[in-house]
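Peer 1: My structure is below; once you've seen it, I'll send some questions.
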Amino acid sequence: MFQYLRWRLLLSYLTVMATILSLFGAGVYVFFSRSLYRELDKKLQTLAESAVPSLSEVKAKKEQYLKDVDRVSWGEILYRERQSVEWFDADGQPLVSKGTLNLALPPRPGFWTIERMQRPSQIRTFTIPVTGGDTEANSPSLEGYIRVSQSTEEIETIQSQLLWGMGMGAVTTLGLVGLAGFWLSQRAIEPVEQSFQRLKQFTADASHELRGPLTAIKASVDVMRNHPERIHPKDAKKLSAIASATSQMIELTEDLLFLARTDTPSSSLETGRSPIALNTILQELVDLFVPFAQEKGVQIDYQELAAVSIDGERSQLSRLFSNLLRNGIQYTPSGGRVMLRLTRNNRFAIIDVKDTGIGIAPEELPFVFDRFWRADKARSRREGGTGLGLSIAVAIAQRHGGKITVNSQLKVGSCFTVYLPLNAAATSSLPAGQRRELPLEGVRAQSMQTSK
Ligand SMILES: Nc1ncnc2c1ncn2[C@@H]1O[C@H](COP(=O)(O)OP(=O)(O)O)[C@@H](O)[C@H]1O
Ligand SMILES: [Mg+2]
């Protein structure tokens, strides 16, 4: 249970850390990319503006101007930076161009990003309309355009390096955080586990200590009741009330002691295991419960469809099925039936304890296996019982590697199904053709609950 808690804690911790890291990474990436593009735009704008005065000269000299430019050698800078400058006339017709990027697009004023199929995949351009000349007419005339472009390859490289770096960083961080979390969750769970163990030990000790005095009371009461002539008639009723309350308290302390002991991981079943014929246990229990059932006007049917043997502890298995049988009889009104059926599939012995009793409401079904839980109807029936019977049954089934499921309908009846793994000999003893696959789960869709 604590291991499960520990893994959950670790998983939640890692999820939170991963979310924080991804948000942080995304923030850094967006911020960085934006500033890189802003820098690029600034560069393009400066370049375009510095080329504006050259337009009239380009118009006049055309190619000759570029030859002069080459002498100045900023053409080389353009080449190195993967930039280009293009001059257009007022109609948008290209005049000359310098640089490595050939766009073959009409000029469009402003900043644009152009997607291309070939490399470089993206080009950022800035186009500036150049006006001037006729100042007397007060309306500046358009002289042409200057477009500067630069490939974004460099930025894309930086972006992918950033992504790589951050990805590797995140993985390393998560690994370290996982290790730290593993250690931290161990430290966090330890005190909880210890106090839980102390609580269980306390329950075990308290029930153990209570058992002695209670047994003494019961023995004394039994002795007194064996001599009714010595009891004042007025006290007879009180005495039987004491006897019944004492029996109930003994039962409760026994149940608590049992649960406290089965909760400890050290209390492994391995030592007490031996091959057990389930059919004999069930038959004995049926014989034992027949008088109780008859007294309540309930009929018990036992159907044995397979001789099944499992590895387990006899007294515990007996306790498991007697808890289920007692419930079946207890919660079934007179005239009803309790049916016990033993079958198997190739892995499990399957025992159904089905009754035609009061049933359990769907909203109450999830709680039936909880400790001390009793349906209100069950409480009001004054049938006795502690609310621990099913918890004990589940604990025993789980210690045998099995489980219990329940299917119930209010006022119709309940069916508790126990699955217990067969022992190795029994698993191989059945010829393949004879193996009857009984579905483990899913058939009883209605109001179905499985013990956790
Ligand atoms: N066969 C059944 N039919 C109807 N209700 C049941 C049946 N078995 C168990 N329950 C319900 O589950 C509750 C818990 O059962 P259990 O753990 O055996 O405690 P107890 O029998 O001592 O009350 C019961 O109080 C009852 O409400
Ligand atoms: Mg019970």
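The values are calculated or read from the model by the stated rules, or taken from the named source; none is laboratory data. Fair warning: this is a prediction, and the values are worked out from it, not measured in the lab. Glycine gets a Cβ as well: all are built from the backbone with ideal geometry, and neighbour counts include every protein chain shown. Note: accessible area is taken over every heavy atom of the protein model, side chains too, but ligands, DNA and RNA are not part of it. Shrake-Rupley method; radii C 1.70, N 1.55, O 1.52, S 1.80 Å.
Peer 1: Which FRET efficiency value, to the nearest 0.05, do you get for Asp41 and Val16 by plugging their Cβ-Cβ distance into 1/(1 + (r/R0)^6) with R0 = 60 Å?
Peer 2: Efficiency computed from Cβ-Cβ geometry: 0.95.
Peer 1: Further, regarding this structure: Relative to the first principal axis of the alpha-carbon coordinates of the chain, what is the inclination of helix 389-399, with its axis defined by its Cα atoms, in degrees from 0 to 90 and to the nearest 10?
Peer 2: Value to nearest ten degrees: 60.
Peer 1: At 7 Å along the Cα-to-beta-carbon direction for both Phe31 and Ile217, put a label point, then send me their distance in nm to one decimal.
Peer 2: Placing both labels 7 Å along Cα→Cβ, they lie 7.1 nm apart.
Peer 1: In nm, what is the difference between 0.36 nm times the number of residues separating Ala306 and Trp7 and their Cα-Cα distance?
Peer 2: 103.6 nm
Peer 1: Follow-up. Given an 8 Å cut-off on Cα distances and at least 6 residues of separation, report the relative contact order of the chain as a percent.
Peer 2: Computed value for the chain: 10 percent relative contact order.
Peer 1: To continue, here is another question. Show me the three semi-axes of the equivalent ellipsoid for the chain, from the C-alpha gyration tensor (sqrt of 5 times each eigenvalue), largest first, rounded to whole Å.
Peer 2: Computed over the chain, the values are 90, 25, 22 Å.
Peer 1: Just grab the label-to-label distance for Ala424 and Thr131, each label 7 Å out from Cα along the Cβ direction, in nm (one decimal).
Peer 2: Between Ala424 and Thr131, the label points sit 9.5 nm apart.
Peer 1: Under the classification rounded if a/c is under 1.5, otherwise prolate if a/b is larger than b/c and oblate if not, where does the range 199-296 fall, given a ≥ b ≥ c as square roots of the Cα gyration tensor eigenvalues?
Peer 2: oblate
Peer 1: Another question, if that's okay. How much length is gained if the chain between Ile231 and Leu162 is pulled fully straight, taking 0.36 nm per residue apart and subtracting their Cα-Cα distance, in nm to one decimal?
Peer 2: Answer, rounded to one decimal: 15.5 nm.
Peer 1: When the accessible area of the chain is split by element with a 1.4 Å probe, what percent falls to carbon and sulfur?
Peer 2: Using a 1.4 Å probe with all protein chains present, the chain comes out at 58 percent carbon and sulfur.
Peer 1: With label points built 7 Å along Cα→Cβ from the Cα atoms of Lys238 and Asp205, find their separation and express it in nm.
Peer 2: Result for the modelled spin labels: 3.5 nm.
Peer 1: What number, rounded to the nearest 500 deg cm²/dmol, is the helix-based mean residue ellipticity at 222 nm of the chain, given -39500 (n - 2.57) per DSSP H run of at least four residues and division by all its residues?
Peer 2: So the calculated ellipticity at 222 nm is -18500 deg cm²/dmol.
Peer 1: Right, next: Give me the extension gain from Met224 to Ala245: residue separation times 0.36 nm, minus the current Cα-Cα distance, reported in nm with one decimal.
Peer 2: Roughly 6.0 nm would be gained on extension.
Peer 1: Let me ask something else about it. Out of all Cα-Cα pairs in the range 2-160, roughly what percent, to the nearest whole number, are more than 29 Å apart?
Peer 2: Working: 4651 of 12561 pairs.
Of the Cα pairs, 37 percent sit more than 29 Å apart.
Peer 1: In degrees between 0 and 90, to the nearest 10, how far off the longest principal axis of the chain does helix 2-51 point, with axes built from Cα atoms?
Peer 2: Helix 2-51 sits at roughly 10 degrees to that axis.
Peer 1: Moving to a separate point now. Please compute the per residue accessible area over the chain with all protein chains in place, 1.4 Å probe, rounded to a whole number of Å².
Peer 2: Per-residue value: 57 Å².
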